[in-house]
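Comments concern the structure below.
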Amino acid sequence: MKRMHKFLRLASMDRHLLIKAVLLVGAVRLGLWLLPFRVLRRMLEIPKRKTAEFQKTNPAASLDRFIWAVKVASQYVPAATCLTQAFATQTLLTRNGHPADLRIGVLKTQEGQLEAHAWVESNGKIVIGNLPDLARYNELPSFQGEEH
């Protein structure tokens, strides 16, 4: 009940943004379980020409509010991994006219296990998924600009 009161005390714009984020994080999580990565990416992308239209028709929240919404939403979606959060963040940001580049890095542990991590950069700054030891990961090529 305390969470509901906290939610209801949010500004209307934040409530709508949080609802969108919960639905998007949930959809991304489900999509990652059920669909090939490439298919999910195509489903969530919007053409570049549409970005300007979204920006004009949607009241744009600040970049920080989008990040906040994804982080809060991820607390309520089971198994909302770094990839889920990064994918949802990239989608939410690009749909609202903010530049966002999904990054994935991998490393091999001392035990020989492969580890991966995902994060999003916007205007050269990591906006979600930053780790103190991020430099250990070997970054895979960016998906930005890839033809489908």
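None of the figures in this text is laboratory data; all of them are computed from the coordinates on show. For clarity, every value in this text was computed on a predicted model and none was experimentally measured. All Cβ positions, glycine included, derive from the backbone under ideal geometry; neighbour counts span all protein chains shown.
Length gained on full extension, Ile19 to Thr81, computed as 0.36 nm times the residue gap minus the Cα-Cα distance: 20.4 nm.
Order the peptides 118-131, 89-102, 27-40 from the highest to the lowest mean number of other Cβ atoms within 10 Å of their residues.
Peptide ranking by packing, descending: 89-102, 118-131, 27-40.
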